[in-house]
1. Of all strands (runs of 3 or more DSSP E) completely enclosed by region 104-170, which ones contain at least 2 residues that are under 15 Å from H186 (Cβ atoms)?
2. Over 21 Å from F168 (Cβ atoms), of a type in the set (A, V, I, L, M, F, W, C) and in a loop (DSSP other than H, G, I, E, B): is that true of I51 in this structure?
3. Of the residues that sit in region 54-70 and are within 17 Å of G5 (Cα to Cα) and assigned to a loop (DSSP other than H, G, I, E, B), which one is nearest to the chain's Cα centre (by Cα)?
4. Considering only region 178-200, state which residues are within 19 Å of the chain's Cα centre (by Cα) and either of a type in the set (S, T, Y) or more than 17 Å from A140 (Cβ to Cβ) (or both).
5. Only one of R143, R148, R169 is touching a helix residue (DSSP H, G or I) at 6+ places or on another chain (Cβ under 6 Å) and not polar (S, T, N, Q). Can you tell me which?
6. Looking only at region 79-90, decide whether some residue is crowded, with 22+ Cβ neighbours inside 10 Å and either more than 26 Å from D16 (Cβ to Cβ) or out of contact with any Phe, Trp or Tyr (no Cβ under 8 Å at 6 or more places or on another chain) (or both).
7. Specify which of the listed residues (A112, A140) is within 24 Å of W251 (Cα to Cα) and either touching a residue at least 40 places away in the same chain (Cβ under 8 Å) or surrounded by 14 or more Cβ atoms within 10 Å (Cβ to Cβ) (or both).
8. Can you list residue pairs whose Cβ atoms sit under 6 Å apart, with the first residue in region 69-81 being among the hydroxyl-bearing types (S, T, Y) and the second being buried (at least 23 other Cβ atoms within 10 Å of the Cβ)? Count only pairs 6 or more apart in sequence or on different chains.
Amino acid sequence: MKVSGFTIVRNAIKYDYPIVEAIMSILPLCDEIIVAVGKSEDETLQLIRSINSSKIKIIETVWDESLREGGKVLADETNKAFSAISKDSDWAFYVQGDEVIHEKYLPNIKKAMEQYKDDKHVDGLLFRYTHFFGSYDFIADSRRWYRREIRIIKNDKSISSYLDAQGFRKNGQKLNVKQIDAAVYHYGWVKPPEAQQAKQQTFNKLWHDDEWIKKNVPDVDKFDYSQIDSVALFIGTHPKVMQARIDQMNWKFSFDPTQKKTPLKIKLIMLIEKKTGWKIGEYKNYKIV
């Protein structure tokens, strides 16, 4: 079984993305990792080159800023990376620049890839998500956060990145996937407040026009984490590759997780979801088989 990893990145240092940790977290399972490094305003290219592994293969790209609506440029870049993986790979393991896999899940992931490698009814593998917010001690737990997504796909070029690269489609249709016992730790909302605000001001331009940005993204120096509607304390351990970054955290985030800014209607819906496991109205960009 041959596995290729693939990812995209731009301005990782400027916006404090844990891209090195993301790559290192899937490296043990991969025979190669394609990193599409977009032309950056910082030393991102040098950062990726500094990773001490012969498995890393860099392709340099230029993001098409005309693909601004709906984050399409992210899918475009993802497809560039996917198209560059070895033709003889069985699986392609996608990780975004703020996503890290805990080492405890690696055996489960490998077992699932071996199990479904030759199953023609399975296009990909579905992961759970844990979304950290504000600091490494809290997770966002309201219903607006997506709870599952595809991160491993067959090396089938009829599969491509979909919309803003959150998921994938095959000839425009949802992928048939197996849900596996593994989670993606998403750290995109854990950054110094200055870096988070800079990211909001720049990254939203990939989805919206200047007028929307002006109305919806405050022109301030620091991101206000206190506006979150609901968080919970994280109980567990972080991936080992994240420990050095966690130790260097230099800002404070405090929040009383018992104080939920959630309308009564949403509270009732969330109660039903907790009791039954059914997430009412959930958008699913996949078909579980």
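1. Strands (runs of 3 or more DSSP E) meeting the threshold: 124-133, 135-140, 148-154.
2. For I51, the condition - over 21 Å from F168 (Cβ atoms), of a type in the set (A, V, I, L, M, F, W, C) and in a loop (DSSP other than H, G, I, E, B) - is met.
3. Filtering first and then ranking leaves K55.
4. Within region 178-200, the first condition is being within 19 Å of the chain's Cα centre (by Cα), and the residues that meet it are 178-192, 195-200.
K178, Q179, I180, D181, A182, Y185, Y187, P192, A195, Q197, A198, listed by residue number.
5. On the way: R148 fails: touching a helix residue (DSSP H, G or I) at 6+ places or on another chain (Cβ under 6 Å); R169 fails: touching a helix residue (DSSP H, G or I) at 6+ places or on another chain (Cβ under 6 Å).
That would be R143, the only listed residue that is touching a helix residue (DSSP H, G or I) at 6+ places or on another chain (Cβ under 6 Å) and not polar (S, T, N, Q).
6. yes
7. On the way: A112 fails: within 24 Å of W251 (Cα to Cα).
Checking each option against the conditions leaves just A140.
8. Qualifying pairs under 6 Å: T78/I8; T78/S161.
Any read-out appearing in this document is the output of simple, stated calculations on the displayed coordinates, not a laboratory observation. Note that the structure is predicted; figures quoted are calculated from it, not measured. Note that we place each Cβ from the backbone using ideal geometry, even for glycine, and neighbour counts take in every protein chain shown.
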